[in-house]
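To keep things clear, I will list the structure first and then write my remarks on it.
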Amino acid sequence: MHRVGSAGNTANSTRPRKEKRLTYVLSDADDTKHCAGINCLAVLKASVSGCDYLFTGSRDGTLKRWALAEDAATCSATFESHVDWVNDAVLAGDNTLVSCSSDTTLKTWNCLSDGTCTRTLRQHSDYVTCLAAAEKNSNVVASGGLGGEVFVWDLEAALTPVSKSGDSMEDDSSSVVNGSGNALPITSLRTISSSNSISVHTTQSHGYVPVPAKGHKESVYALAMNDSGSLLVSGGTEKVVRVWDPRTGSKTMKLRGHTDNIRALLLDSTGRYCLSGSSDSMIRLWDLGQQRCVHSYAVHTDSVWALASTPTFSHVYSGGRDLSLYLTDLATRESLLLCTGEHPILQLALHDDSIWAATTDSSVHRWPAEGRNPQKIIQRGGAFLAGNLSFSRARVSLEGSTLVPVYKEPIFTIPGTPGIVQHEILNNRRHVLTKDTAGSVKLWEITRGVVIEDYGKATFEEKKEELFEMVSIPAWFTVDTRLGSLSVHLDTPQCFSAEMYSVDLNIVGKPEDDKVNLARETLKGLLAHWLAKRKQRFGVQASANGDAPSGKEVTTRIITHSRIEVDSNTENDSMVYPPFEFSTASPPSVITEGSQGGPWRKKITDLDGTEDEKDFPWWCLDCVLNNRLPPRENTKCSFYLHPCEGSAVQILTQGKLSAPRILRIHKVVNYVIEKMVLDKPLDSANPDTTLAPGLAGGPVQLSAIGDGSFRSGLKPWQKLKPSIEILCNNQVLSPEMSLATVRAYIWKKSEDLVLNYRVVQGR
């Protein structure tokens, strides 16, 4: 399964250790909107005065708090720390929000804060899919996930400030919990491989451990708890509803009847009745006292994914894959189609006389629901009687008696922004073409994190062809759109494989032929704010050489890691060049992890300078602070230079030449001319020569021509006589082409490149 941010990092792997990854997530929209489907909703009613709040959790990895007015909603906080989809969220008491994610964690938040995560709880070994809270016992929360894991958490115990010695939780915002202002995560708990092997003793030596509810053999997708927290129900791909005592984690019963995955569960306040919604399209009502199903309702034509009931458990609202929202009277079986949308419904939340619906779209809709007296809607007529066999409802729809929804339009919509669904990395390896759910095609410059062209509703494939360039640059990053936006992944050492000349990046004031490492400059741009904060905090000596708090660890780590190159072409400058300046108006977020505490996510402008090797991969710090890059492959290209057949002019280069991959053909022209004009003698004892003076690794260091400017006093290549053409496979090469491009598009063979030269007459 896809893991964002921490791909390839397993705690006890026997494979060679893969270095931690650094990911940055781009955003061009305003930060007050979600850009992917909404998986969960929670409503917080105002206690006395003030406004009600709606909390939304999204597949974009964030949660948001909306201050609600009559017909308006204002985003008053974004909760950002999860590194993958947020799958569920519940309110525990008046000021704690608990969320769970595909990143395998639960997180607690002060829900009325500016978005501060107070603790990260690690116990699950796979995606956490669902949560349940007890209405009248704000201390109990249950979590369920893939692999059959269910845990019951005592929030008070879990949130007790932890000592820095290592615990099952880490303190994400120590300003909230321990007031030290020094947000250092705690070593995380080892996760458990399967639900059957959980043991309090093997999990960790000390610290809080939740109560495991053991028994599910397969994934859990739904949980519910009664008001007092004395009863827990769970359901999932085993197709049975399991009932638990959450205080001990022991099973009390198992209810069979559904024929597919159970996706939604509700308990009435006393814990006597349970409602379940399943992918078999049925809703079932269970009497837990009698341990049996007392009613089944065939309302939907496809999977039921969301349920919400009136406070008295007399009526149920249901939604799912068939895009429809229904209201059903549980006693009379009368059912009404309230509305139909364009997207599957993922979660419902009743709010006074209306209901919020979250869907796979990034917008949230509020529909009329008469929550206090739903009978009012049913009395208007148009209801059908829900059958108790799943095909009966399907048959009605097939016979063409189409149901007319009661409501055509929602009362109100909180709009999201369209998520990116398609992308293509262009050959220049700096631009990415994207298409979003609204059909808009945009061109991004990933070294600045901005959209440089918005083509509107263009054809993606046509645009892709139109933007094709014949250039060859190594694949130094990868991209995915799982979070609805562009996530750019940097993995060492591959990310350091791409270089360009400063002239090609239009960097003013830097020698034209200075080589610029794209990943190094991108990291400097991303961490510019962090570096500035760090310098404020620790003074100018903020390099990792032992002066700053983290330095010793990084440095000792480097010494043990042999063959590190210090980038000799660039002075140790923290100056950020314009092609690598990231927007502060819509800054990207960084997703990464260091030596402790697991993956995290933060806006680059929210980094405070205290983050060190515990938070960042050591190779990122080494690059940004010490200017050191790991050893790289493929920076050189070997080739032979021969005269064309019948050419009168010959220069003495019988052997193989070596030059940087990015060397332009006009440099090869210069080289040929210099050999002809100046007729420098070659060292015939060693025919292999290199075109790159001053760079180690070539057979012989020739000062004839290099990667540096053509410094022998001759005019630039365009004006030189005699005029020389370079050919490959009988094709005349453009002087602007690089050796790598010639190799990839003209030569197209694995063996060493062969170039030919000839004098062009009459120029």
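The values are calculated or read from the model by the stated rules, or taken from the named source; none is laboratory data. Nothing here was measured: the structure is a model prediction, and the numbers come from that model. Reconstructed Cβ throughout: ideal geometry from the backbone, glycine too, with neighbour counts over all protein chains shown. Just so you know, the surface numbers come from the protein's heavy atoms only, side chains and all, with ligands and any DNA or RNA stripped out. Shrake-Rupley method; radii C 1.70, N 1.55, O 1.52, S 1.80 Å.
Between THR252 and GLU218, take the C-beta separation as r, use R0 = 25 Å, and let me know the FRET efficiency to the nearest 0.05. Walk me through the numbers on the way to the answer.
Working: r = 19 Å, r/R0 = 0.78.
With R0 = 25 Å, the Cβ-Cβ based efficiency is 0.80.
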**Prompt:** How far apart, in nm, are two points set 7 Å out from the Cα along the Cα-to-Cβ line at ASP94 and at ASP114?
**Reply:** 2.3 nm
**Asked** For THR32, which sequence-distant residues (separation of 5 or more, or a different chain) have an amide H within less than 5 Å of its own amide H, given hydrogens modelled in the peptide plane?
**Response** none
**Item:** Linear extension gain, THR270 paired with ALA46, 0.36 nm per residue minus alpha-carbon span
**Value:** 78.2 nm
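Take peptides 250-262, 231-243 and line them up by average Cβ neighbours within 10 Å, highest first, as a rough protection proxy.
On the way: 250-262: 16.4, 231-243: 23.0.
Packing proxy ranking, top to bottom: 231-243, 250-262.
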**Prompt:** Just the accessible area for LYS656, please: 1.4 Å probe, Å², rounded to the nearest 10?
**Reply:** 60 Å²
**Complete:** Ranking THR434, THR459, THR129 from most to least accessible area with a 1.4 Å probe gives THR459, THR129, THR434
**Message:** Amide H of LEU231 versus every other amide H placed in the peptide plane: which residues, excluding those fewer than 5 positions away on the same chain, fall under 5 Å?
**Reply:** ASN226
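With every protein chain kept in the model, how would you rank THR108, THR492 by accessible area, 1.4 Å probe, largest at the top?
Working: THR108 0, THR492 25 Å².
Final ranking, largest accessible area leading: THR492, THR108.
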**Message:** Give me the three principal axis extents of region 301-458 from the C-alpha atoms, as integers in angstrom, largest value leading.
**Reply:** 65, 36, 21
**Asked** Can you list the HN-Hα couplings for region 508-522, worked out from phi with the Karplus curve (6.51, -1.76, 1.60; θ = phi - 60°), rounded to whole Hz and with x for Gly and Pro?
**Response** 7, x, 10, x, 3, 9, 5, 8, 10, 7, 4, 5, 4, 5, 5
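What is the ratio of the Cα radius of gyration of region 472-525 to 2.2 N^0.38 Å, where N is its residue count, to two decimals?
Details: Rg = 13.0 Å, N = 54, 2.2 N^0.38 = 10.0 Å.
This ratio for region 472-525 stands at 1.30.
In what sequence, highest mean first, do 635-643, 662-670 appear when ranked by Cβ atoms within 10 angstrom? Mind showing how you got there, number by number?
Working: 635-643: 18.0, 662-670: 23.3.
For the peptides 635-643, 662-670, the packing ranking is 662-670, 635-643.
List, in the order given, every pair from LYS33/LYS254; LYS515/LYS535; LYS64/LYS533; LYS45/LYS533; LYS464/LYS515; LYS524/LYS636 whose Cα-Cα distance in the structure shown is over 30 Å.
Working: LYS33/LYS254 41 Å; LYS515/LYS535 27 Å; LYS64/LYS533 27 Å; LYS45/LYS533 39 Å; LYS464/LYS515 28 Å; LYS524/LYS636 25 Å.
As for pairs spanning more than 30 Å Cα to Cα, those are LYS33/LYS254; LYS45/LYS533.
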**Complete:** Taking protein heavy atoms only, a 1.4 Å probe, and rounding to whole percent, the accessible area of region 343-490 owed to carbon and sulfur comes out at 52 percent
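Highest mean first, how do 97-106, 746-755 rank when packing is the count of other Cβ atoms within 10 Å averaged over residues?
My ranking of the peptides, most packed first, is 97-106, 746-755.
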**Request:** Of the options LEU486, TRP444, TRP476, report the single residue whose Cα projects farthest towards the positive end of the charge dipole of region 441-505 (beta-carbon charges: Lys, Arg +1; Asp, Glu -1).
**Result:** LEU486
